[in-house]
Protein chains: 2
Amino acid sequence: MSSNYQKLVQRLEETSRLGGIMGILHWDQEVIMPTGAADSRAKQMGVLAGIIHEKSTDPAIGELLDNLNQENSFNSFERCNIDEARRDYEMETKVPKSLVMELAELSSKGHQVWVKARSENRFSDFAPVLSQLIELKKRWAEYVSPNLHAYDANIDVYERGMKTDDITPVFERLKSELIPLIREIQASDYKPDSAFLSGDFSVDKQEALGRAISEEMGFAFDRGRMDVSVHPFCGGSHPTDVRITTRYRTDNFIESLYAVIHETGHGLYEQGRMKEGRDLPASEALTMGVHESQSLFWERMIAQNRPFCKRYFPLIAKTFPENFNGVSVDQFYEAVNTSQPSFIRVEADEVTYPMHVILRYEIEKGLFDGSIEVKTLPELWNSKMKEYLGVEPPTDTLGVLQDTHWSGGAFGYFPSYTLGAIYASQFYQTLIDEKPDLGKEIESGNLATIREWLNQKIHQKGRLLSVPELIKEVTGDNLNPTVFLNYLKTKYRTIYRLN
Amino acid sequence: MSSNYQKLVQRLEETSRLGGIMGILHWDQEVIMPTGAADSRAKQMGVLAGIIHEKSTDPAIGELLDNLNQENSFNSFERCNIDEARRDYEMETKVPKSLVMELAELSSKGHQVWVKARSENRFSDFAPVLSQLIELKKRWAEYVSPNLHAYDANIDVYERGMKTDDITPVFERLKSELIPLIREIQASDYKPDSAFLSGDFSVDKQEALGRAISEEMGFAFDRGRMDVSVHPFCGGSHPTDVRITTRYRTDNFIESLYAVIHETGHGLYEQGRMKEGRDLPASEALTMGVHESQSLFWERMIAQNRPFCKRYFPLIAKTFPENFNGVSVDQFYEAVNTSQPSFIRVEADEVTYPMHVILRYEIEKGLFDGSIEVKTLPELWNSKMKEYLGVEPPTDTLGVLQDTHWSGGAFGYFPSYTLGAIYASQFYQTLIDEKPDLGKEIESGNLATIREWLNQKIHQKGRLLSVPELIKEVTGDNLNPTVFLNYLKTKYRTIYRLN
């Protein structure tokens, strides 16, 4: 093996381990840290972030990469690590330090301003910071990817290789078919009964239920944990240390249970990464969208589907017997698949969710190409909500101010959610084509087939393929909204008795 | 303020924060980490240790210290930080890197060899590593403190400024009076009844009890946590993030409760550090011995004393009513003060504990001055046990192999335990001289007087005074074994009805 490559590997492993440490500090902060430690933890994380930045912009890496440019004879794993290292190094070093610092400061300030503006329902307080953040991110994009449109450069951070030219037609297609479907569902006389999902559910029982199902999905608790945090997430420090969280409401167990299933989907991706080179980028999860495809696969394709409901309804009914007296599996299945327009993205169901994303995507695109002005956002937001979902938020707190992403400068992140949902539906279609008996397997409690299939087809692939290559290899198809639309239309037309 | 000083402060704060991060990684590893993450965590800690070493040996610190040598006009806090920085820098840089690495590797290997040797009761497997470790630590001492005896240089790491010339006469005095006292106690016809301390104690109840008492002692749970680990310890990342642990046995609650009290004593020291400059060495706990004086103060001077037993016996009896039916406070007090020679240091009571320490101290001293050979240790250990405590361990696992310290090269640590016990007794004597009503205050549930006194006299002092200066300032006396001996003799002669 090339000595330059070995030196690069050493540096990449060091950065990866420091990233793992940051993961623990973050998890600890969200889950377990005493409240009084907020200040000291922020300073600890600041020092560590500085060191990671220092290490990953060390000119010695640039020299190694230059030397490696002269060499050949790398296998695909090695080649991938070199390419990933180059991508990171360039992203870190192309931007002048002054701009990096300006962005860091404004993101941190932006978050505080946003928290206050949201709680006081005053978009005008947040608007100036938002404008500045967009300006900085445009300048940032020019340094990082001078050949890309500024918004594409931002999208590339989360969903590499994906551009507005790819996304816009897909999202247009979704709009053209989902808006009518949402209307039809709204107009349907039939509404699933979900009253029995409300009640009084002890946290202990919820936790035991979630843990049992997560374990049956294959989450390895000797290489992971499940805890409680304000917002559910999947974090940790390494594929051998994957930590999912959920939150509990005593009046609703479904939210928490499906959060566990969702985060377990993320967790299985991390735990299922290739066994070799786990501290190297080639082994890492591919993109935000592919990560989301794994959580949504389990949450929606599997757990919101009938066979899974059939399998686990008895356990659920046994756990909360008062609530499910006289309730059938079919009623339960329909109840967990209620579709209903709402103001808040994170509470949306799988039919309405894409419209929340498309709305944000269109706004971000317009903000970056100059066709939309920040000050018009509240009005624009509300009119798009009306058009896409038929509801209009009464306040900006429930509208344009609801999400944290923009306050930290994370533009281009939102599309990943819906791209992930489309990938998930395509993966699912392929899986059931390959395994026509999958439903029966699930009903009999065998979830290993699913886990192993995802593991072999996706988790083990790391970053060796691009997203389009991966989709093609797994499904034989390109990114295809038709599969996703057919899935949603078939499922919800049946549930809502639409002709 | 001098700009050199400010630059030094920045570097010291960075190192302190990295140390805090190491604290969290360590706590997480001991308390919460999934077992499968052991390997990846070791690598993360290795990378972080490397960075801390790199940062603290940066020649720029040496230059700053040289420049600061030319300056005056520092206040005592600033002067202390400069002195502490110099001490650390010299300790880190005087030793050649090759020796640092040899020591790190041998300590790590030594630990593994020791674990195996202990479990298999084969001292001969551990002996070669032990010999090598002593050789390396002798070489290390020559670099670090060429003017000190090698063992004194090792002691200085844990109990700075203390030398064998100071310790030996104190320990000789303890031997001369404790060995006869231990014999007398053994020979006494009277034995406190402690049968009621055995039983079946639910972990939940033990935890609630420990937490309640820790809180009354003043441990701030918004700046700390209490959890479970294999060995109780006090860790964390900052005075605002202090984490104590205990362990639970269902057949004995006293061990766990007194571990909580002991660790709370350590925790109060950390939480009580001065409010300014908390990321600077001048604010840190002074030495291992002083730290131990704080935990032992609460555990022995306070919680094993009669007023505390009077105060908390009703709560304890209410928590475990089946066990304390018909038991009096006096019986409880005597039961928690049973003295009995045993093989294992960490299970020893306050009368016999010093003999375990003195035995180790004499052996370490002999190993470093060449008067004792490693291969003779098992025999020597057993004969000293017989002489000092009247018992002889049946195996080396219960004898010379019991403690982990030597396997990691931590020679010179053991004396801190007993120095801490002596400091604690001297502090306590001073406190009751100053507050003759202390017993009544404790009985009425007021522990704040104690906490505030320790805080003001010791915690807030950080490292501004040396240990002898601190003892003198607080007690008006020097290190004085007489106070400790009088305390033990008075207390145990009464309990064991010795004329």
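Taking each DSSP H run with n ≥ 4 as -39500 (n - 2.57) and averaging over every residue of chain B yields -20500 deg cm²/dmol at 222 nm. Quarter the surface of the alpha carbon convex hull of the stretch A:69-109 and you get the mean projected area, 3.8 square nanometres.
Pairs of Cα atoms nearer than 8 Å and 6+ residues apart set the relative contact order; for the stretch A:164-248 it is 19 percent. The alpha carbon radius of gyration of chain B, expressed as a multiple of 2.2 N^0.38 Å, is 0.99. Here the protein assembly as shown yields Rg over Rh of 1.01, to two decimals, using C-alpha coordinates and the Kirkwood radius.
Cα centroid distance between the stretch B:29-59 and the stretch A:52-113, in Å? The two parts, judged by their Cα centres, are 23 Å apart.
Over the stretch B:3-93, Cα pairs under 8 Å with separation of 6+ residues give a relative contact order of 44 percent. Of the residues B:A220, B:N325, A:S16, the one whose Cα sits farthest toward the positive end of the charge dipole of the protein assembly as shown, with +1 on the Cβ of Lys and Arg and -1 on the Cβ of Asp and Glu, is B:N325. Can you give me the angle between helix B:123-144 and the longest principal axis of chain B, using Cα atoms only, in degrees from 0 to 90, rounded to the nearest 10? Rounded to the nearest ten degrees, it is 50. Cα extents for the stretch A:150-245 along the principal axes, largest to smallest and rounded to whole angstrom: 45, 45, 24. Under the convention that each Lys and Arg Cβ holds +1 and each Asp and Glu Cβ holds -1, the size of the dipole of the stretch B:82-219 around its Cα centre is about 560 debye. Computed from the Cβ-Cβ distance with R0 of 60 Å, the FRET efficiency linking A:Q456 to B:R211 stands at 0.80. Each other residue within a Cβ distance under 15 Å of A:P180 adds +1 if Lys or Arg and -1 if Asp or Glu, for a net charge of +1.
DSSP beta bridges in chain A, what fraction antiparallel, as a percent rounded to 5? The answer is about 55 percent antiparallel.
With Cα atoms as the point set, the radius of gyration and Dmax of the stretch A:218-310 evaluate to 13.7, 45 Å. Extension gain for A:S76-A:I432 works out to 125.1 nm (0.36 nm per residue, less the C-alpha to C-alpha distance). Each copy carries A:H53; placing its label point 7 Å along the C-beta direction from Cα gives inter-copy distances of 2.7 nm, listed from smallest up.
Note on B:R139/B:K472: beta-carbon distance plugged into 1/(1 + (r/R0)^6) with R0 of 56 Å gives a FRET efficiency of 0.95. Summing +1 for each Lys or Arg and -1 for each Asp or Glu among the other residues whose beta-carbon sits under 14 angstrom from that of B:S124 gives -1. Using Stokes-Einstein with the Kirkwood hydrodynamic radius over Cα pairs, what translational diffusion coefficient do you get for the stretch B:271-334 at 25 °C and a viscosity of 0.890 mPa s, in µm²/s rounded to a whole number? Here the translational diffusion coefficient equals 170 µm²/s.
Here the Kirkwood formula, the inverse mean of 1/r across different C-alpha pairs, assigns the stretch B:31-181 a hydrodynamic radius of 19.1 Å. Translational diffusion of the stretch A:426-499 was estimated from the Stokes-Einstein equation, with Rh taken as the Kirkwood radius over Cα pairs; at 4 °C and 1.567 mPa s the coefficient is 93 µm²/s.
Summary value for chain B: 21 percent relative contact order, contacts being C-alpha pairs under 8 angstrom separated by 6+ residues. For each pair in A:K43/B:K137; A:K310/A:K461; B:K138/B:K375; A:K55/B:K43; A:K97/A:K461, compute the distance between the two Cα atoms and list the pairs where it is over 27 Å. Pairs exceeding the cut-off: A:K43/B:K137; A:K310/A:K461; A:K97/A:K461. For B:R249, the label point sits 7 Å beyond Cα toward Cβ; its separations from the matching points on the remaining copies run 4.7 nm, from shortest to longest.
Count Lys and Arg as plus one, Asp and Glu as minus one, and take only other residues whose Cβ is under 10 Å from that of B:G62; the net charge is then -3. Across the stretch A:3-93, the volume of the C-alpha convex hull divided among the residues equals 94 Å³ per residue.
Every number in this text was worked out from the coordinates using simple rules, so none of it is lab data. All of these numbers come straight from a predicted model, not from anything done at the bench. With ideal geometry, Cβ positions are generated from the backbone for all residues, glycine too; neighbour counts draw on all protein chains shown.
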